[in-house]
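Input: a single structure, listed below in structure tokens.
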Amino acid sequence: MPYRLWYKNLLFSWKSQDERSLSLIFAKACLIKIRSVLGKSSLENWKIVPVPPRPGKIRMKGWDQVDELCSVLSVISGIRVYKLLERTSGQQQKKLERTKRLEKGRNPYVLSASGRKLSETGLENRNFLLVDDIFTTGATMERCSSVLKKYFPGCQVMVLTLFIVD
């Protein structure tokens, strides 16, 4: 959905006003899109990978909307969630200017402990559905994808976000 007008208000209500009932609505919209792109028969070949929150966010807010979206999406789709990534930087992306977001530098995303275990033991069907709430510059998705591709060579990464800034 475009990140403007009343869609912008929806995201704000969900994230900042804890309108958690929107999680199911958003998950159903995601599933419709996934099925239109992948088809119904191939869903079991994919793994949901949530973009991880910054350190301290869950402690501060009590929940992470992307994690909840992925959990609900898993329940209604049957696609398993794998928390393969971890975020090391506590800086909020929304507070950075576009040029700062796009700057190349140290990747704030790393493979999680469970991700390291899976990369060492092997993982069938290395098709990852990387899920986040909003796509602004693409920097987050690019950085998360690069970590997955580094540790799971030959994997396919598809990006799914609720909103896109246009």
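Amide H contacts of residue 134: 162, 163, each under 5 Å away and 5 or more positions distant or on a separate chain (H built 1.01 Å from N in the peptide plane; Pro and chain starts excluded). With all protein chains kept in place, the per residue accessible area of the chain amounts to 56 square angstrom at a probe of 1.4 angstrom. Given a 1.4 Å probe and the protein chains as shown, residue 143 ends up with an accessible area of around 40 Å². In this structure residue 83 has an accessible area near 110 Å², from a 1.4 Å probe over the protein heavy atoms. Ranking of 82, 3, 109 by solvent-accessible surface, largest first: 3, 82, 109 (1.4 Å probe, protein heavy atoms only, all chains present).
Which FRET efficiency value, to the nearest 0.05, do you get for residue 165 and residue 35 by plugging their Cβ-Cβ distance into 1/(1 + (r/R0)^6) with R0 = 25 Å?
0.50
Within the chain, helices built from complete DSSP H runs that reach 15 Å or longer along their own axis (Cα positions) and carry a mean Kyte-Doolittle hydropathy of -0.5 or higher are 5-16, 22-38, 65-77, 139-151.
This model, with +1 at the C-beta of Lys and Arg and -1 at the C-beta of Asp and Glu, gives the chain a dipole about its Cα centre of some 360 debye.
Could you please put 67, 18, 133 in sequence from largest to smallest accessible area, using a 1.4 Å probe? Working shown, then result.
Numbers: 67 40, 18 75, 133 10 Å².
Ranking 67, 18, 133 by accessible area, largest first, yields 18, 67, 133.
Of the listed residues 14, 6, the order by accessible area with a 1.4 Å probe, largest first, is 6, 14.
The values are calculated or read from the model by the stated rules, or taken from the named source; none is laboratory data. Everything numeric in this text was worked out from a predicted model, so none of it was measured. Here the Cβ is made from the backbone with ideal geometry for all residues, glycine too, and neighbour counts use every protein chain on show. The accessibility values were calculated without ligands, DNA or RNA, using every heavy atom of the protein model including side chains. Shrake-Rupley method; radii C 1.70, N 1.55, O 1.52, S 1.80 Å.
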